[in-house]
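The values are calculated or read from the model by the stated rules, or taken from the named source; none is laboratory data. Keep in mind the model is a prediction, meaning the values are calculated, not measured. Because the Cβ atoms are built from the backbone with ideal geometry, glycine has one as well, and the counts that use them run over all protein chains shown.
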Amino acid sequence: MIDVKNIYKKFGHLEVLKGVSCKIEKGEKIVIIGPSGSGKSTLLRCMNLLEKPTYGEVWLEGSLLTPIDPYLHFDVIRKSKTYGMLLEKYKSENPDADEEKADAEIIAEIKKNDLLKKREGKAYRQAIEALYKENHVNINAVRQKMGMVFQQFNLFPHLTVMQNITLAPTKLKKIPAEQAQEKALALLRKIGLEDKANVYPSTLSGGQKQRIAIVRALAMEPDVMLFDEPTSALDPEMVGEVLKVMIDLAKEGMTMVVVTHEMGFAKEVATKVLFMDDGVIKEANEPKEFFANPQDPRLKDFLSKVL
Amino acid sequence: MGIILFIGVFMSLESLRIRWERFWDTIVQPTFYNRVLLGLRNTLIIAFVGFLIGFLLGAILSIFKLLPQDKKSSKVFGTISNIYVAIFRGTPIVVQLLVAYYFLLPLFGITASGMSVSVVIFGLNSAAYMCEILRGGILSVDNGQMEAGRSLGFNYLQTMFRIVLPQAIKNILPTLGNELITLVKETSVVSFVGAVDLFTAFQFIGSSNYEYMIPYLMMAVIYIVMVVILTVVIRLIERRLRASDRR
Ligand SMILES: Nc1ncnc2c1ncn2[C@@H]1O[C@H](COP(=O)(O)OP(=O)(O)O)[C@@H](O)[C@H]1O
Ligand SMILES: [Mg+2]
């Protein structure tokens, strides 16, 4: 469903993601753990393009969300001027070298020195454009299918709970107001907050706010839900009520990507746990093996501190 | 000594009374009080319509400045906005009125009254200030609001208008009120392009009998009364809006 291909993310000189790839299949529940500052949020935010990856591509159900990264499409590189020049040079130096080896070495050199930043020919530009046109989709349409829940809830304070939930379905999906409200009420009933429909968010507790933020995202009927430390800003006694909503959601079969420090949740719900450290995924495994038999030394260290 | 002082005060009070009567005799005549009413009307029209134009244009200009900087076109819009603000904040409004009325109108062969020129110039001038006020207001709204809107599938402008701006406006309401009051007071310069406002109305009264003291005093009183009324109304609106936070 989501295919993250070799993404890098730089903020100025700070490189936060250093080549991350992961595939998330329909129905999977991926939990991402790791020390603070390791790039977990940035990875999650690259998935729905709240951050734009510096290199690499993100795909959702066969559609490209980012620009083309030529280093993921060697046939495009072969259309560049740089490649042509290097190939000629290579052939003149090694007249009897075999084609495949030449190709591999030239691409490796272009990649190593990032040579494609120089001006390239028309053929190269056309190849990139064609590939992009064929695959890319409008990001606003895609985001309707990807719900996101933030650490700080980010409910809209100037709207009531009901308006928070129905705003996107009525304006973006053009669902009639009454129908959207019925749906919202049904969702609120499920989390036991039906009576809060007409209050403003400022009157709610943190746990209530976060559950409503989840409902707001669900009202768009997304295919996948992204959670960025949804319980980290909560008082301890409210963590449980939010986790319960998330566990129920997982049981209903929702595809989920969750950044969290709740190891219990990871053990109970995850189909795969990823350990991020220093901008890369250091370890990925199904939860039992992940926690019982960690391989990476940094992960062992991390688990010994949090468990 | 005390008696002299008493006589002095008495005499000046006496002269005040005479001046007041002269003023009163003038203002009760339709030619004169109609002029005052017209001036009052014009003052309010210039200030309120100018405010409205300024607000709408200012909102557009401030969004130009805050467009996400990932497209070349955003930079162009940002520059347009910067130049606009530099021009309209960098020159006194009187100068803008004069340039518009005596230079631009003849240049383009347009005929327009001093009144309509004043309304437009007050709107354009106010837009430069509103742009900065609104920009501050937009920046005061937590970035998480924009991100939440975008993550639901709204595009940048939809999120801006539906989610960020309403909160920004609430935050800057006191400053907007100030701007309106400033506009009301500044209208006193539109006589430079021949528009009738409170100043010209009272000057007209004064010049009819060479008695300016009371007319100008009354003009001041009218300005104060307008500003006080506006202040109260703005307070009420603010309180209404803040109340919705705690419902
Ligand atoms: N918008 C940004 N601008 C600059 N630096 C950022 C930005 N967002 C995140 N970072 C930096 O990137 C690093 C990783 O951040 P983040 O992905 O939030 O880590 P995590 O979620 O794992 O704690 C941190 O050092 C953080 O300071
Ligand atoms: Mg984080």
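Does the range A:177-200 contain at least one residue that is small (Gly, Ala, Ser), outside any helix (DSSP H, G or I), surrounded by fewer than 20 Cβ atoms within 10 Å (Cβ to Cβ) and more than 12 Å from chain B (Cβ to nearest Cβ)?
yes
Of all residues in the range A:250-261, those that are of a type in the set (S, T, N, Q) and either part of a strand (DSSP E or B) or surrounded by fewer than 22 Cβ atoms within 10 Å (Cβ to Cβ) (or both) total 1. Of the residues making up the range A:123-157, those that are of a type in the set (A, V, I, L, M, F, W, C) and more than 26 Å from A:Met225 (Cα to Cα) are A:Ala123, A:Ala127, A:Ile128, A:Ala130, A:Leu131. Apart from one condition, A:Leu226 fits all of (1) without any contact (Cβ under 8 Å) to a residue 60 or more places away in the chain; (2) buried (at least 19 other Cβ atoms within 10 Å of the Cβ); (3) within 14 Å of chain B (Cβ to nearest Cβ); the exception is (1). Taking the condition aliphatic (A, V, I, L, M) and more than 11 Å from chain A (Cβ to nearest Cβ), does B:Leu124 pass? Yes: the conditions hold for B:Leu124.
Out of the residues in the range A:227-244 that are closer than 18 Å to A:Ser41 by Cα and in contact with a Gly (Cβ under 7 Å, 6 or more places away or on another chain), which is nearest to ligand 1 (Cβ to nearest atom)? Show your work before the answer.
The first filter runs over the range A:227-244 and keeps only residues closer than 18 Å to A:Ser41 by Cα, leaving A:227-234.
Restricting the remaining residues to those that are in contact with a Gly (Cβ under 7 Å, 6 or more places away or on another chain) gives A:233-234.
Values: A:Ala233: 13, A:Leu234: 17 Å.
Result: A:Ala233.
Suppose the filter is within 13 Å of another protein chain (Cβ to nearest Cβ), buried (at least 19 other Cβ atoms within 10 Å of the Cβ) and not charged (D, E, K, R); does B:Gly144 pass it? Here the answer is no, as B:Gly144 does not meet what is asked.
Of the strands (runs of 3 or more DSSP E) lying entirely inside the range A:1-120, those containing at least 3 residues that are away from ligand 1 (no atom under 16 Å from the Cβ) and not hydrophobic (A, V, I, L, M, F, W, C) are A:2-11. Which members of the range A:8-30 meet the condition of being within 14 Å of ligand 2 (Cβ to nearest atom) and under 27 Å from A:Leu307 (Cβ atoms)? Result: A:Val16, A:Leu17.
Determine, yes or no, whether B:Gln167 is without any contact (Cβ under 8 Å) to a residue 12 or more places away in the chain, surrounded by fewer than 21 Cβ atoms within 10 Å (Cβ to Cβ) and within 11 Å of chain A (Cβ to nearest Cβ).
On the way: without any contact (Cβ under 8 Å) to a residue 12 or more places away in the chain: no; surrounded by fewer than 21 Cβ atoms within 10 Å (Cβ to Cβ): yes; within 11 Å of chain A (Cβ to nearest Cβ): yes.
Judged against the criteria, B:Gln167 is not a match.
Sub-6 Å Cβ pairs linking a first residue in the range A:139-166 that is facing another protein chain (nearest Cβ under 7 Å) and under 22 Å from A:Asp235 (Cβ atoms) to a second residue that is surrounded by fewer than 21 Cβ atoms within 10 Å (Cβ to Cβ) and hydrophobic (A, V, I, L, M, F, W, C), at least 6 apart or interchain, are A:Gln152/A:Ala233, ordered by first then second residue. Scanning the range A:245-271 for residues that are farther than 22 Å from A:Arg45 by Cβ and of a type outside the set (Val, Ile, Thr) yields A:Asp248, A:Lys251, A:Glu252, A:Gly253, A:Met263, A:Gly264, A:Lys267, A:Glu268.
Conditions tested, residue by residue: (1) surrounded by 20 or more Cβ atoms within 10 Å (Cβ to Cβ); (2) in contact (Cβ under 8 Å) with a residue 24 or more places away in the chain.
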{"site": "A:Met263", "(1), (2)": "no, yes"}
{"site": "A:Ala270", "(1), (2)": "yes, yes"}
{"site": "A:Val273", "(1), (2)": "yes, yes"}
{"site": "A:Asp277", "(1), (2)": "yes, yes"}
{"site": "A:Pro287", "(1), (2)": "no, yes"}
{"site": "A:Pro297", "(1), (2)": "no, no"}
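Contact map, the range A:237-249: first residue part of a helix (DSSP H, G or I), second residue at pLDDT below 95 and among the basic types (Lys, Arg), Cβ cut-off under 9 Å, separation 6 or more or different chains; pairs are A:Val245/A:Lys190; A:Asp248/A:Lys190. The condition (being surrounded by fewer than 21 Cβ atoms within 10 Å (Cβ to Cβ), under 18 Å from the mean Cα position of the chain (by Cα) and more than 16 Å from ligand 2 (Cβ to nearest atom)) is satisfied by just one residue among A:Glu241, A:Glu237, A:Glu221: A:Glu221. Only a single item in (1) crowded, with 19+ Cβ neighbours inside 10 Å; (2) in contact (Cβ under 8 Å) with a residue 40 or more places away in the chain is not met by B:Phe64, and it is number (2). If only residues of the range A:31-45 that are closer than 22 Å to A:Ile247 by Cβ and away from chain B (no Cβ under 14 Å) are counted, the one that is farthest from ligand 2 (Cβ to nearest atom) is A:Val31.
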